Each structure stands twice: as structure tokens, then as C-alpha cells.
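Notes to accompany the following structure.
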Amino acid sequence: MTDRLLRVSLAQATEKGLKEENQDSLGFHVPEEPGLSFKGVTALIADGMSGSSAGREASQAAVSGFLSDYYSTPDSWTVKTSVQKILTATNQWLYSRGHQGDHTQYGYVTTLSGVVIKSNTAHLFHVGDSRIYRLRNGNLEQLTRDHRVWTSQEKNYLSRALGIDVHLDIDYKAEDVEANDLFILTTDGIHDFLPDSQLADVVKSHLNDLDQAVQVLIQSALARGSNDNLSAQIVRVEQLPLQSEREVLNQITQLPVPPPLAEGNKIDGYKILREVHASKRSQLYLAIDEATGEKVAIKTPSVNFDDDKIYLESFTNENWVGQRVQSAHVVKMLGQGRKKTFLYQVMEFVSGQTLRQWMQDHPQPTLIEVRDIAEQVVRGLRAFHRLEMLHQDIKPENIMIDPQGVVKIIDFGSVKIGGIAEIASPLQRQEAMGTLDYAAPEYLQGLPGSRSSDIYSLAVIVYEMLTGKMPYKEPMLAKDSGQRDYIPIQTYDRTIPVWVNGALRKALSNNPDKRYHHFSEFLYDLTTPNKAFISERGQPLLERNPIQFWKGLALLLAASNLLLVILLLR
């Protein structure tokens, strides 16, 4: 089986009709690789608000701006994230433009309907009364709903559109794509005058000539009395991307896994000085770049996994992530552009110690020291989250502290990349759950993670730095239900403020919806007394201090039994 890429056919046409000016706009883009895989094919249609002399400018700005901005967004972003950020910015620009000086009377308002076909999925986004249909196996289905309110049989108005309000509500959904699917985009100058049955008949009768199909749609609507601008776009999926498992593995393993390296060995201009760390999955070496004299770290996959396609894909993705995440608190990937003869990674060498080693050397750190480390880890994690990546394996072993006290995240092997997860693969990707003691409960339940999952892992580390203990009585199990009981931090150290315990308890909630959703909130509550946490009188003793609760209950039962014995003896 040969490697296949996404392939589509597109046709579009627009006419001003009986109007003096055409306020419709449309456009599409089919990028070359790697944009075709990472971003997909885009088709857009927009209709400037009738009666507004700024409608044409608004529709053109919406279409051209999206096509320009979408392909400039990070490859790690999902389509949904990219769409929301771009259209939110576009809406704010149109709204402000329409409320400045002489423009107030015109209004920069437009509808917008678009489809991004990426891998095997069509991502639809829509605001206004333009439409997207799908013709599959001869059956026509309207995939969008009109944002239009009718005040009478003759009068109606748009309830939603770009530029109509400072806030924007976008309809978004993802649909599976099949070969030969046709996506038909129209403005109301067509679909208000052509019944769906006739629209479907026109397209089905011109499947061999889509350019002719869009022209006939326009002429048919004119013949039925259309008095508006008329625009139509048709996208046909000719071929879906398809790779066999062997092809994916061949791409991943174009470079062989290097053998175990020893002092004095050379690999592509790097001289190995010593082995720093070795595990069953990888080796880390200190090396010197003979071209620059710079000390670097070389990470190689273990030869034990040279035929493990899922592990090798993860190892390859780790380098992809490292090239894109830029932060003083994330280890830097180096050696880009240098030809490689083996599969390995080159990164900055961070001298110092892991956070695990630091914790062993500082068994009773101050609250100020713990906060400082947590804040630096947060700065690193924010760099991942801005690119729609989840680290998923934050633990003391994956955090380094250099001699100057700078904290760096060093391992990306479990990072989940939103944009990459949307690309279909024959490999059965597994949801990484990180290291058991630090993994959020949702991972152990087979559920996807979120930003609050990384916050959970960081909170475990903060708790452990302060107490040397884990925050739950029961050890984490691979099939844990996630309903373990939290141990108040005062159980181990009564000098720690109760509001710090409140912040940790919230960050470590078994339910991700009850945790912090932003690092800023968590850090604020770690450094500033939260009144909600200072007074815990409303909290049941069982939750506030379970050890005290059970001790009290045991004493009460013992006293009751003693009283019962006395009564029986009498």
C-alpha cells in the first residue's frame, strides 16, 4: 500500500445578481506538505450585512484574514482553538471598526461559514445565515443552522454575525469524512430561493464538472427570483490520507537506534564524555560539540525498543515538542539542521540536580523555597499550555535545578499535542497517564487530561516538598477509581497555614471540574490567604481531619462499650 495524502476538488463562483454591489466573499486554500497534514484544507464563504456599505469590506476582511492567520497558528493547536482565537480577534476588529467615527452608521457586519478538512475530519465553524451542506451517497444534509430571527413572514434579522456584538458565539462541530463527500457552501441569495431538493439535483447532475455546478446553482436561483448576491462553493473529497502501519513505522525509523555509547565514542560530531543516566527506555549522555566546544546532553532510545513503533513515535514527538516550546524553564533542544545518522536528541546540558535530589537534600524546606520552585515550574508549563500541549508527566525526576536555582522541565516523552492528536494514524496511540503517584485520577480512569491535570501533578509535588509524604492514604493503583481520601497537610506539619492546605486540597480534588483551571489562581492561593480556606468550620471533621475523626470515634465506641459492660454487671 502506498502513502496517500488528502486530495480534494474545489469550485466556487459569486455574482452580484440584481444588487449594485457584491458584498459576498469566498476563498479556499490547499497547502503543500507539511501544512496539508498539520493544518488541512480550508474553504470559507461570507455575506456582508445587507444595506451596509461596509458589508463588502467586512466579508473580505473575514475571509482573507482567516486564510492568512489560520496557517500562521502553531501546528500544535487544534483546529477548534485556532478558529476560536482568529474569529474572536476578527470580531473585535470589525466591531471596533464599525463603532468608530463616521463608520458607526454603516456597521462592519458579516456572516461567515467555513470548513477545514484535516486528516479524516471536517471541522465546521459558522456564524450567521450562510450555510454548509453535505452531499453523501446522494443524500443532502444541512450541517449548519441559520442564526436568523423572523419577526414576520417578510421581515427577519441576523441574531448572530461577525461584528454585530463585542461578544461572539461561534457554532463549531467536527464531522467524520468519507471519500466522495461533497461540502456545499452557499449564501442566502441561493438557498433562500432554491429548495434543498433542487440544490441537490443540480450538484448531482454536474458531479463531473463542479465549476459548472456552481454556475448552474447561481443561474437557477436567479431564475427563481433571487434578488440578492449569490455565491456557492463546492469541496469534494477525492482521497483521504491513508498510511499503513508499516509506512508509519518506516517514517519513524528512517534513522537507526544507536548502540550503547561509551566515553570517547563520537556520533555526528558529538564526543561522548560520560553516561549521565540510564533506564530501560533511554540513555542520557554528557557530550561535547566538537564544532563549538559546547557541552550538550545526548538522549538515545534504548535498543530494547527499536521495534516498538508507539515508543519510537513518542521519542520522535519529544524532539518535535522541544523545537517549539520556548521558555527559560524548559530545557532547550539543540542541533537543528545538522544531519543525523542515528535517532537521538541533542539538548542543552543542565548541570545541577533533579528536584528529587534537591528534596532529599532539603527535607524541611521553607514555604518560600517551595513557592519559588512551584512558580518556576508553572512558567515552564505555561509554555506548553500556550501551544495546546499537556505535559502529563510532571514529577520530581523530570525537573532540574541548576546551581543558580533556575528550575527547568526536562522530559517531553508523555506530552500530548492537541493538533497532532487530530491527525489519524494507524498506530494505536495510548493516553499517557504519567507516573502513578503524580498522575491525575482521570488518567487512571481512561479519561483525557486537561490543564487541571498538570496542576494536579504540580500540587502533589508541592505537598511532597512540604511534608515528604503523598497527599492520599492509599497508594495510587493503575485502575484506581480516583476516589481516595485527601490527608490534610496539618497532619504532618501544623506550622503550615490552613489556607495553604485549602489551596492544595482544591488543586488535588479527585474531580477535575473542582480543581483550579488556571495556574495563576493556584499560585495566588499558595501565597495569599484565601478567606474561604481560613475558616473551615463548615467542613465536616471527617474531611478536615480524618485521623482526628476516627480517633474520636474509636474513643466514643470504647466508652460506650465500657458503659455497657458496667450496666450488665450491675
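Restricting to segment 123-143, count the residues that are surrounded by fewer than 24 Cβ atoms within 10 Å (Cβ to Cβ) and either more than 24 Å from residue 228 (Cα to Cα) or of a type in the set (S, T, N, Q) (or both).
Number of matching residues: 8.
Might you let me know whether segment 172-179 holds any residue that is buried (at least 19 other Cβ atoms within 10 Å of the Cβ), modelled with pLDDT of 95 or more and in contact with a helix residue (DSSP H, G or I) (Cβ under 7 Å, 6 or more places away or on another chain)?
No, every residue in segment 172-179 fails to be buried (at least 19 other Cβ atoms within 10 Å of the Cβ), modelled with pLDDT of 95 or more and in contact with a helix residue (DSSP H, G or I) (Cβ under 7 Å, 6 or more places away or on another chain).
If residue 337 meets every condition in (1) of a type in the set (Gly, Ala, Ser); (2) in contact (Cβ under 8 Å) with a residue 24 or more places away in the chain; (3) farther than 16 Å from residue 464 by Cα apart from one, which number is that one?
Among (1) of a type in the set (Gly, Ala, Ser); (2) in contact (Cβ under 8 Å) with a residue 24 or more places away in the chain; (3) farther than 16 Å from residue 464 by Cα, residue 337 violates only (2).
Would you point out which residue out of 76, 50 is among the hydroxyl-bearing types (Ser, Thr, Tyr), crowded, with 16+ Cβ neighbours inside 10 Å and assigned to a loop (DSSP other than H, G, I, E, B)?
76
Can you work out which of the residues in segment 106-122 that are of a type outside the set (Ser, Thr, Tyr) and in a loop (DSSP other than H, G, I, E, B) is surrounded by the fewest Cβ atoms within 10 Å (Cβ to Cβ)?
120
Scanning segment 345-389 for residues that are part of a helix (DSSP H, G or I) and small (Gly, Ala, Ser), which turns out farthest from residue 527 (Cα to Cα)?
Restricting to residues being part of a helix (DSSP H, G or I) and small (Gly, Ala, Ser), the top hit is 383.
Applying the selection to segment 204-233, what residues are of a type in the set (S, T, N, Q), buried (at least 18 other Cβ atoms within 10 Å of the Cβ) and within 25 Å of residue 137 (Cα to Cα)?
The answer is 220, 231, 233.
For segment 358-368, check the following and say yes or no: at least one residue is buried (at least 16 other Cβ atoms within 10 Å of the Cβ) and closer than 17 Å to residue 311 by Cα.
no
When segment 139-180 is examined, which residues are found to be without any contact (Cβ under 8 Å) to a residue 24 or more places away in the chain and hydrophobic (A, V, I, L, M, F, W, C)?
Listed by number, the residues that qualify are 149, 150.
Mind checking whether some residue in segment 97-113 is in contact with a Ser or Thr (Cβ under 8 Å, 6 or more places away or on another chain), modelled with pLDDT under 95 and among the small types (Gly, Ala, Ser)?
Within segment 97-113 (the criterion being in contact with a Ser or Thr (Cβ under 8 Å, 6 or more places away or on another chain), modelled with pLDDT under 95 and among the small types (Gly, Ala, Ser)), the answer is yes, since at least one residue qualifies.
Of the residues that make up segment 79-95, is at least one outside any helix (DSSP H, G or I) and either in contact with a Lys or Arg (Cβ under 9 Å, 6 or more places away or on another chain) or assigned by TED's automatic domain parsing to the domain that holds residue 389 (or both)?
Taking every residue of segment 79-95 in turn, none turns out to be outside any helix (DSSP H, G or I) and either in contact with a Lys or Arg (Cβ under 9 Å, 6 or more places away or on another chain) or assigned by TED's automatic domain parsing to the domain that holds residue 389 (or both).
For segment 7-24, indicate whether the set of residues that are in the same structural domain as residue 187 (by TED's automatic domain parsing), under 22 Å from residue 148 (Cα atoms), among the hydrophobic types (A, V, I, L, M, F, W, C) and modelled with pLDDT under 95 is non-empty.
No, there is no match, as no residue in segment 7-24 is in the same structural domain as residue 187 (by TED's automatic domain parsing), under 22 Å from residue 148 (Cα atoms), among the hydrophobic types (A, V, I, L, M, F, W, C) and modelled with pLDDT under 95.
Working carefully through the options 262, 291, find the one that is over 17 Å from residue 344 (Cα atoms), surrounded by fewer than 17 Cβ atoms within 10 Å (Cβ to Cβ), without any contact (Cβ under 8 Å) to a residue 60 or more places away in the chain and not acidic (Asp, Glu).
When all the criteria are applied, what remains is 291.
Residue-wise test of (1) assigned by TED's automatic domain parsing to the domain that holds residue 400; (2) under 25 Å from residue 386 (Cβ atoms).
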position	(1), (2)
267	no, no
272	no, no
280	no, no
309	no, no
313	no, yes
317	no, yes
324	no, yes
361	yes, no
372	yes, yes
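Which of the following residues is modelled with pLDDT of 95 or more, in the same structural domain as residue 17 (by TED's automatic domain parsing) and closer than 19 Å to residue 55 by Cβ: 185, 199?
185
Among residues belonging to segment 79-96 that are of a type in the set (A, V, I, L, M, F, W, C), at pLDDT 95 or above and over 25 Å from residue 156 (Cα atoms), point out the one that is surrounded by the most Cβ atoms within 10 Å (Cβ to Cβ).
Filtering segment 79-96 for residues that are of a type in the set (A, V, I, L, M, F, W, C), at pLDDT 95 or above and over 25 Å from residue 156 (Cα atoms), the one surrounded by the most Cβ atoms within 10 Å (Cβ to Cβ) comes out as 79.
Report, by residue number, each residue of segment 255-290 that is hydrophobic (A, V, I, L, M, F, W, C) and part of a strand (DSSP E or B).
Listed by number, the residues that qualify are 267, 272, 273, 276, 278, 284, 286, 287, 288.
Name the residues in segment 23-41 that are among the polar types (S, T, N, Q) and surrounded by fewer than 24 Cβ atoms within 10 Å (Cβ to Cβ), would you?
Listed by number, the list holds a single entry, 37.
What residue, among those in segment 454-503 that are modelled with pLDDT under 95 and of a type in the set (Ser, Thr, Tyr), is surrounded by the fewest Cβ atoms within 10 Å (Cβ to Cβ)?
This residue is 495.
Quick one: which helices (runs of 4 or more DSSP H) lie wholly within segment 157-247 and hold at least 2 residues that are farther than 22 Å from residue 83 by Cα and among the hydrophobic types (A, V, I, L, M, F, W, C)?
196-204, 210-223
So in segment 114-138, with the set limited to residues that are basic (Lys, Arg) and either in contact with a His (Cβ under 9 Å, 6 or more places away or on another chain) or touching a residue at least 60 places away in the same chain (Cβ under 8 Å) (or both), which one is nearest to residue 232 (Cα to Cα)?
Once the filter is applied, the top-ranked residue is 131.
Determine which member of the set 80, 85 is out of contact with any strand residue (DSSP E or B) (no Cβ under 8 Å at 6 or more places or on another chain), charged (D, E, K, R), within 16 Å of residue 171 (Cα to Cα) and in contact (Cβ under 8 Å) with a residue 12 or more places away in the chain.
Just one listed residue meets the conditions, 85.
Of all residues being crowded, with 19+ Cβ neighbours inside 10 Å and in contact with a helix residue (DSSP H, G or I) (Cβ under 7 Å, 6 or more places away or on another chain) in segment 62-72, which is nearest to residue 26 (Cα to Cα)? Just the residue, please.
62
Which one of these is at pLDDT below 95, among the hydroxyl-bearing types (Ser, Thr, Tyr), more than 18 Å from residue 270 (Cα to Cα) and buried (at least 20 other Cβ atoms within 10 Å of the Cβ): 302, 314?
Answer to the check: 314.
The values are calculated or read from the model by the stated rules, or taken from the named source; none is laboratory data. As the structure is a computational prediction, the values presented were derived from the model and not from experiment. For neighbour counting, all protein chains shown are included, and Cβ atoms are generated from backbone atoms with ideal geometry for every residue, glycine included.
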